[in-house]
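Below: the structure, in structure tokens.
The values are calculated or read from the model by the stated rules, or taken from the named source; none is laboratory data. Keep in mind that this is a model prediction, so the values were computed, not measured. No Cβ is skipped: glycine too gets one built from the backbone with ideal geometry, and neighbour counts run over all protein chains shown. Accessible surface is based on the protein model in full, side chains and every heavy atom, while ligands, DNA and RNA are left aside. Shrake-Rupley method; radii C 1.70, N 1.55, O 1.52, S 1.80 Å.
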Amino acid sequence: MCLISIFALTYNVPFNYAIGLPKIALASLIVLVITGVLYYASRFKNLVSISTLLANIVGLSLFIVNYFLNSGLRGPTDLFLLLILLLSIAMSPAEQYKVWIPVNVTILIILCLIEFYYPYLIPDTYTTRSNRFVDHMSAYAVVAAITYFSVHYIRGSYEREKASALEKSKAIELQNFQIVKQNEELEKLNAEKNKLMSIVAHDLRSPLASIQNFLELLTQHDLEEEQKIDIENDLLNSTKNTMAMLSKLLDWSKSQLHGVSVNMEQLNIRTLFEQTLNLERNIAARKNITLDYYFDPSASIYADSDMMQLILRNIIGNAIKFTRTGGHIYVKAEAAGTHCLISVRDNGIGMSPEKQQSIFSLNVESTFGTDNEKGVGLGLMLCMEFIRAQNGKIWLESTPGEGTCFYISVPMFDKTKVQQPNLL
């Protein structure tokens, strides 16, 4: 506001002198110096309150003098008093409005009454009609310009504050959203922890209890040789199932604690899986299940060898578990554009649509296979994590009573464009 006033007074001093009003020019010069001092005090000495008070007093004093020296109502003083009212409202604290507005109005009324009753106190200082015309036009232009700059400044400050408030509001919303997401993640982690504890408490305790019972029978009772053989076979199967579950638990716990570390390399499908499938074929033969496979000999993928073998073992292991005696499993791998599509199809018991929705999560319930094999419910979730880490996909199709087909899609090896793994 001081800078705007300085600009107006700098123009007003030579202008009044030029149109034959030297006293007004001198008064304007004195106020110009005072306004400069007020600007310095408020801007650099932080004396804002006292500077605001003095600015209002000086402004009103100038225009009271101007009223008597510049023809009263025949001059532009009423316009300038209206201008000082605008500046007072613009720069004064809101609680001071009730002071400066009535003071400004009262001063104008008193000046008008003085001129009405004592007209000889207000001389006509214009020497010509043209001086009066130029003075009025100039005053209007100055008032209009200062009004524009004042309102523009106030609106600019308002828009900046509004933008700042909106930005803070968005920041708070984002912070709240992040807190909600963190809470959701914590709830998810807590659910996973509870699931893991449930698995450890139930799914490992039960087979270990069975092993203990078998050992007690063997050591504490005299059994026939045939009974011993049956118990030893049951003991062996129970131990294998327990080891399989423990292995999956350890793999899953490692992935949760340390993340998934991927070693991507060029792998030939046939070389990668052939030995694994021969081992799984022997396991399937115990249930009289035939396991056949076909691999495109030229198919070469970009993946992690250990992860891919673990994925295939888990899926084929499930296929064997949920396929009845005398069933059939067929594994196939062939190129499909930029990816290699691996399918594991069985004619087992299949699964319901509800179970398909949760099969790759911790929400899946562990179930028994067709030969009472026990699952832990973590294998397929591990498969999902590992395949995603290799930029691949996994999904299934299943019909209850008819069988299930799992699909694995992994990138083919392209030496011109080697894919980066997704680190989890």
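Can you give the local net charge around Lys181? Use residues other than it whose beta-carbon is closer than 14 angstrom to its beta-carbon, Lys and Arg +1, Asp and Glu -1. Please report the intermediate quantities before stating the final value.
Details: positive: Lys188; negative: Glu173, Glu184, Glu185, Glu187.
Net charge in that neighbourhood comes out at -3.
Which net charge results when you count Lys and Arg as +1 and Asp and Glu as -1 among the other residues whose beta-carbon is under 12 Å from that of Gly392?
Details: positive: Arg388, Lys393; negative: Asp304, Glu385.
Local net charge: 0.
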inquiry  = Report for the chain the percent antiparallel among DSSP-assigned beta bridges with both residues inside it, nearest 5.
reply    = 80
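Arrange the peptides 59-68, 21-30, 392-401, 97-106 so that the one whose residues have, on average, the most other Cβ atoms within 10 Å appears first. Don't jump to the answer; show the numbers that get you there.
Working: 59-68: 20.5, 21-30: 18.3, 392-401: 15.3, 97-106: 13.7.
My ranking of the peptides, most packed first, is 59-68, 21-30, 392-401, 97-106.
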inquiry  = Mean-square fluctuation check for the chain, GNM, Cα pairs under 10 Å: which of Asp135, Asp304, Asp296 is largest?
reply    = Asp135
remark   = Here segment 393-405 yields Karplus 3J(HN,Hα) values (6.51, -1.76, 1.60; θ = phi - 60°; whole Hz; Gly and Pro given as x) of 9, 9, 7, 8, 10, 8, 10, x, x, 10, x, 9, 10
ask   = Considering only the other residues whose Cβ falls under 14 Å of the Cβ of Leu312, what net charge follows from Lys and Arg at +1 and Asp and Glu at -1?
value = 0
query = Using a probe of 1.4 angstrom, how much of the accessible area of the chain is carbon and sulfur, in percent?
reply = 60
query = Which far-off residues, 5 or more places away or on another chain, put their amide H under 5 Å from the one on Arg324, with H placed in the peptide plane?
reply = Ile349
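Over 21 Å between C-alpha atoms is what I'm after, so list which of Lys321/Lys355; Lys45/Lys168; Lys287/Lys321; Lys287/Lys393; Lys332/Lys393 land there.
Numbers: Lys321/Lys355 16 Å; Lys45/Lys168 31 Å; Lys287/Lys321 9 Å; Lys287/Lys393 30 Å; Lys332/Lys393 16 Å.
Lys45/Lys168; Lys287/Lys393, as the Cα separations exceed 21 Å there.
Any idea what the dipole of the chain comes to, in debye rounded to 20, about its Cα centre with Lys/Arg Cβ at +1 and Asp/Glu Cβ at -1?
Rounded to the nearest 20 debye, it is 2500 debye.
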note = A correct Karplus calculation of ³J(HN,Hα) over segment 161-172, with 6.51 cos²θ - 1.76 cosθ + 1.60, θ = phi - 60°, whole Hz and x for Gly and Pro, returns 5, 5, 5, 5, 5, 5, 5, 5, 5, 5, 4, 5
query = Which of these values of Cα Rg over 2.2 N^0.38 Å was calculated from the structure shown: (1) 2.09; (2) 1.10; (3) 0.99?
reply = (1)
ask   = In whole Hz, what ³J(HN,Hα) sequence does segment 326-338 give by Karplus (6.51, -1.76, 1.60; θ = phi - 60°), x for Gly and Pro?
value = x, x, 9, 10, 10, 10, 9, 9, 8, 5, 9, x, 8
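Sum -39500 (n - 2.57) across every DSSP H segment of at least 4 residues in the chain, then divide by the residue count to get the 222 nm mean residue ellipticity, nearest 500.
Result for the chain, helices only: -22000 deg cm²/dmol.
Calculate, for the chain, the solvent-accessible area per residue in square angstrom, rolling a 1.4 angstrom probe over the heavy atoms of the protein chains.
Values: 24850 Å² over 424 residues.
I get 59 Å² per residue for this part.
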